[in-house]
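Trainee: Let me begin by handing over the structure; questions about it come next.
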Amino acid sequence: MADSNVTSLFRSTAAHSPSMAALARESDGTGPVDFCIPCNPYFPTPAMFDDMAARLREIITYYPSSADTITAELCNLLQLPPSCVAMGNGSTELITWIDHLMVRESLAIPVPTFGRWTDQPMETGKRVDMFPLQESSGFALDLTQYAEFIRKRNTKVAVICNPNNPDGGYLHKQALVQFMDAMADLDLIVIDESFLEFADAEVEPSVVQEAMLRPNVVVLRSLGKNFGLHGIRFGYLVANPALAGRIRSMLPKWNLNAFAEHVVFILKEHGAEYAQSLQQVRRDRLDMASHLSALPGLTVYPSQGNFLFVRLPVGAEGTVVRDRMLTEHRILVRECGNKIGSSSRFLRLVVRPQTDVRRLVSGMEQVLYGTRRGAAVPELGTGTNYSSGTAAVDRLVGATNGAGMQNLAAQALATGTTGVGMPMQAPMQMPVPVPAAAQMPMQPQPVPMQAPMQMPQQPQPQPQMPQPQMQPMVAAAQVQQMPMAAMVDQSNGMGMPMQAPQQMPQQPYGVPAAAPAAPPMPQGPTPTGVPARNGLTAAQVRGATSPNGMQNLAPAPATGWPNAQSWPNAAGMGQAG
C-alpha cells in the first residue's frame with residue numbers, strides 16, 4: 001500500500017478513518033489487521049457465517065419483514081416490551097431522529113466522546129455544551145460536576161456514554177440512576193450503552209429498566225458492535241412508550257434489512273456462543289493492556305469497552321504512527337486527533353485476539369522506537385498538508401462559540417486542514433513519562449509539566465487548585481475532579497496538570513471538595529444560537545484559546561446534586577440524592 005494512497009484516504013475523511021472497503025481497494029483486495037473499528041472478533045461463529053452464506057441469495061433477494069416484526073422478535077429475546085423499543089438502521093439513525101425530534105436548542109456531552117453526539121446537533125444548528133474530561137483524572141466523568149455544568153449553562157438535553165468512547169470510562173448503575181432523577185426536569189437524558197455488553201464491573205450494569213419508568217430518559221444500545229456485524233447496521237433504543245413510539249413513528253417501513261432480520265431470528269439458538277465471545281473479549285482486554293503497558297512511555301487507561309485508550313510517548317505524533325503502522329505493518333489504528341477533547345497523542349486500539357496483539361506490539365515497538373527502544377518517532381513537519389480533520393472542526397466550531405452550524409461536516413471537508421490540526425503553543429520542556437507497569441494499571445499516571453508561560457490574554461491567573469487522588473476504574477464515578485474553570489486554565493488543552501499533582505484525602509461520592517463559590521449567574525434561558533454564560537467553547541476545550549473571566553464552579557450540596565429536593569422524581573420512589 002503506497003504512502004501517497006494512505007495520505008489521500010485519510011485526507012478525504014474529516015470525521016473518521018477510511019472504511020475497510022476503501023483500504024482493501026487500495027491494496028491487494030484484503031484489508032489490514034483492524035485495531036480501529038470496535039467489533040467483537042469472536043461473533044458470529046464460523047457456523048453462523050456458513051449459515052448466512054448458504055442463505056445469501058434468499059436473504060438479499062426478498063424484502064425483509066416489517067420493523068415491527070423484527071423488533072418483536074428482538075424484544076422476545078431481551079425480555080423487553082415492544083412498546084418501549086425502537087429499532088434503527090444503526091445507532092446513528094436513532095441519534096439523528098433523537099436530535100431532530102427531541103433536542104430543542106442545546107445538548108450537553110462530555111468530551112472526548114463518540115463524534116455523532118457533537119456533530120449531529122451542531123449540523124442542525126443546536127448549541128452543544130461540551131464538558132471536558134480531564135486526563136489528570138483518567139478521563140473519568142464526575143457526575144456531580146457534570147450536573148453543575150448543565151445547570152450553569154441551562155442545557156436542555158444531557159448525554160452520557162457508558163462506557164465512554166474512546167476512553168472506555170465506566171459509571172456505576174446506581175450513580176446513573178441518581179443522575180437521571182436529579183435531572184428529571186430536563187427535556188431529555190440519553191444514556192448511550194453501545195459498548196455496555198463488554199463491561200464486567202457489575203452483574204447488571206444497564207439502566208434500561210429504569211429508563212422505561214421515567215418520562216425523559218432514552219437508552220441507546222448497539223447490536224453491530226456486540227455481534228461483530230457493523231455492516232448490517234442495526235441497533236435499538238429503550239424508553240417509555242411515548243418516547244419510543246415517537247421515534248418509531250418516524251422510521252421508514254423497511255428501515256431494517258434482511259440481514260438484520262436473519263441475525264435477530266437466529267440469535268436465540270446461539271446465546272451460549274455469544275456469552276462466551278463477550279467473556280473472551282474481556283480476557284483479551286486484560287492481556288492486551290498488559291502487553292501495551294510494557295512499552296516505554298505508553299500510558300494505557302482503564303477501560304470497560306472492547307477498546308483501549310492509550311497516550312503515545314512524548315514526541316510521538318499520532319498521524320505519523322497511524323500511517324507507518326498501516327504502510328509498514330498493515331495494521332489499522334484509530335488516531336484520535338479529530339475527537340474534540342482529545343489530540344493526536346492518543347490512539348484508540350480495539351481489543352483483538354492475542355496473536356493479533358503480538359503483531360500490534362511488535363509494530364508499535366518498531367514505529368515508536370526503531371532500533372533504539374525508548375526513542376519516539378518525531379513530530380509531524382510543518383510541511384505536512386493533511387491530518388484527521390481536527391483543525392477544520394476547531395475553526396468551524398470556534399467561529400460560533402459552540403452555537404452550532406449548518407452542514408458542519410461538509411464544511412469541514414471543504415475547508416481542509418494543515419499541520420497536525422491543533423494550534424500549538426510555545427514549546428515547554430516535558431519529562432519523559434514513567435513507563436507503565438507490566439500489568440494493567442488500575443489508574444493512569446499523569447505527566448507533570450512546568451508552570452505555563454504567562455499569556456497576555458490571561459491578566460489574572462486562576463488560583464492553583466490541588467489535583468484529585470486517582471481512583472480505580474471500577475469506581476470512576478467516585479473520582480473527584482477540580483472545578484471546571486480551574487482545570488481548563490491549568491491545563492494545556494489535553495487535561496494534563498501544569499504542576500505536580502497533590503494528594504487529597506478520599507471523599508465519599510457526591511460530596512465535592514471545597515472550591516471558591518461562583519459569582520451569581522443571570523437567570524433565564526440562553527437564547528438559541530447564543531453562547532451560554534461562563535461556558536466553554538469547543539475551541540477552548542481543545543486548548544486553542546483560553547477562557548477569559550471564568551470563575552470556579554460552585555460545589556454541589558452535600559446531597560450530591562444541586563437543589564435535589566426541589567426536583568420531581570419521575571419514578572415516584574422518593575427524592576434523589
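The values are calculated or read from the model by the stated rules, or taken from the named source; none is laboratory data. Model, not experiment: these values are computed from the prediction. As a convention, Cβ positions derive from the backbone with ideal geometry for all residues, glycine included, and neighbour counts pool all protein chains shown. Accessible surface areas use protein heavy atoms only, side chains included; no ligands, DNA or RNA. Shrake-Rupley method; radii C 1.70, N 1.55, O 1.52, S 1.80 Å.
Trainee: Just one of (1) in a helix (DSSP H, G or I); (2) of a type outside the set (D, E, K, R); (3) touching a Lys or Arg at 6+ places or on another chain (Cβ under 7 Å) trips up Gln120, so point out which.
Mentor: (3)
Trainee: Restricting attention to segment 261-272, does a residue exist that is over 21 Å from Gly168 (Cα atoms), open to solvent by 20 Å² or more (accessible area, probe 1.4 Å) and touching a Leu at 6+ places or on another chain (Cβ under 7 Å)?
Mentor: Yes, some residue in segment 261-272 is over 21 Å from Gly168 (Cα atoms), open to solvent by 20 Å² or more (accessible area, probe 1.4 Å) and touching a Leu at 6+ places or on another chain (Cβ under 7 Å).
Trainee: Which of the residues that make up segment 235-244 are farther than 19 Å from Cys161 by Cβ and touching a helix residue (DSSP H, G or I) at 6+ places or on another chain (Cβ under 7 Å)?
Mentor: Asn240, Pro241, Ala244, listed by residue number.
Trainee: Continuing with this model, one more query. Would you mention how many residues in segment 231-250 are in contact with a Cys (Cβ under 7 Å, 6 or more places away or on another chain), over 15 Å from Gly90 (Cα atoms) and among the aliphatic types (A, V, I, L, M)?
Mentor: 2
Trainee: Now a separate question. Can you find a residue in segment 194-208 that is over 16 Å from Ser303 (Cβ atoms), touching a residue at least 60 places away in the same chain (Cβ under 8 Å) and open to solvent by less than 10 Å² (accessible area, probe 1.4 Å)?
Mentor: no
Trainee: Filter segment 68-104 down to residues that are farther than 22 Å from Pro215 by Cβ, small (Gly, Ala, Ser) and modelled with pLDDT of 95 or more, then give me how many there are.
Mentor: Looking only at that region, the number is 1.
Trainee: Look through Thr124, Thr113 and report the one residue that is surrounded by 21 or more Cβ atoms within 10 Å (Cβ to Cβ) and of a type in the set (S, T, N, Q).
Mentor: Thr113
Trainee: Within segment 281-312, which residues are buried (at least 21 other Cβ atoms within 10 Å of the Cβ) and basic (Lys, Arg)?
Mentor: If the condition is that a residue be buried (at least 21 other Cβ atoms within 10 Å of the Cβ) and basic (Lys, Arg), then Arg285, Arg311 are the ones that fit.
Trainee: What strands (runs of 3 or more DSSP E), lying completely within segment 182-274, carry at least 1 residues that are within 20 Å of Ile37 (Cα to Cα) and of a type in the set (S, T, N, Q)?
Mentor: Strands (runs of 3 or more DSSP E) meeting the threshold: 217-222.
Trainee: Counting only residues that are free of Cβ contacts under 8 Å to residues at least 40 places away in the same chain and closer than 19 Å to Ala316 by Cα, which one in segment 330-371 is most open to solvent (accessible area, probe 1.4 Å)?
Mentor: Checked segment 330-371; the qualifying residue most open to solvent (accessible area, probe 1.4 Å) is Thr371.
Trainee: How many residues does segment 337-385 contain that are over 30 Å from Met130 (Cα atoms), of a type in the set (A, V, I, L, M, F, W, C) and modelled with pLDDT under 95?
Mentor: Of the residues in that region, 3 qualify.
Trainee: Restricting attention to segment 65-99, which residues are farther than 14 Å from Leu220 by Cβ and either basic (Lys, Arg) or surrounded by 20 or more Cβ atoms within 10 Å (Cβ to Cβ) (or both)?
Mentor: Listed by number, the residues that qualify are Ala67, Ile70, Thr71, Leu74.
Trainee: Continuing with the same structure: Could you grab the pairs with beta carbons closer than 7 Å, sequence gap of 6+ or different chains, first residue in segment 222-235 and surrounded by fewer than 22 Cβ atoms within 10 Å (Cβ to Cβ), second one among the β-branched types (Val, Ile, Thr) and outside any helix (DSSP H, G or I)?
Mentor: From residues that are surrounded by fewer than 22 Cβ atoms within 10 Å (Cβ to Cβ), the pairs are His230/Ile37.
Trainee: Do the conditions hold for Asp51, that is, is it at pLDDT below 95 and either assigned to a strand (DSSP E or B) or not β-branched (Val, Ile, Thr) (or both)?
Mentor: yes
Trainee: Which pairs do you get when a residue that is more than 17 Å from Val218 (Cα to Cα), found in segment 100-117, comes within reach of a residue that is among the small types (Gly, Ala, Ser), reach meaning Cβ atoms under 7 angstrom, with the pair 6+ apart or on two chains?
Mentor: Val111/Gly341; Pro112/Gly341; Pro112/Ser342; Gly115/Ala15
Trainee: Just need a number here: residues in segment 31-63 that are within 19 Å of Ala258 (Cα to Cα) and surrounded by 20 or more Cβ atoms within 10 Å (Cβ to Cβ).
Mentor: Total satisfying the criteria: 3.
Trainee: Would you be able to say whether some residue in segment 313-327 is modelled with pLDDT of 95 or more, buried (at least 24 other Cβ atoms within 10 Å of the Cβ) and in a loop (DSSP other than H, G, I, E, B)?
Mentor: no
Trainee: So, in segment 178-201, how many residues would count as being more than 16 Å from the chain's Cα centre (by Cα) and more than 18 Å from Val103 (Cβ to Cβ)?
Mentor: 6
Trainee: Given the structure, is Ser249 open to solvent by 10 Å² or more (accessible area, probe 1.4 Å) and within 29 Å of Val300 (Cα to Cα)?
Mentor: Judged against the criteria, Ser249 is not a match.
Trainee: Taking the stated definitions as given, is Ala24 open to solvent by less than 50 Å² (accessible area, probe 1.4 Å), over 29 Å from the mean Cα position of the chain (by Cα) and modelled with pLDDT under 95?
Mentor: Considered against the rule, which asks whether it is open to solvent by less than 50 Å² (accessible area, probe 1.4 Å), over 29 Å from the mean Cα position of the chain (by Cα) and modelled with pLDDT under 95, Ala24 comes out as no.
Trainee: Take the conditions within 24 Å of Arg233 (Cβ to Cβ) and of a type outside the set (D, E, K, R) and apply them to Leu141. Does it pass?
Mentor: So Leu141 does not fit the description; no.
Trainee: Still on this model: Cβ contacts < 8 Å: first residue in contact (Cβ under 8 Å) with a residue 24 or more places away in the chain and charged (D, E, K, R), restricted to segment 41-69; second residue open to solvent by less than 30 Å² (accessible area, probe 1.4 Å) and part of a helix (DSSP H, G or I), any location; separation 6+ or different chain. Result?
Mentor: Asp51/Ile266; Arg55/His262
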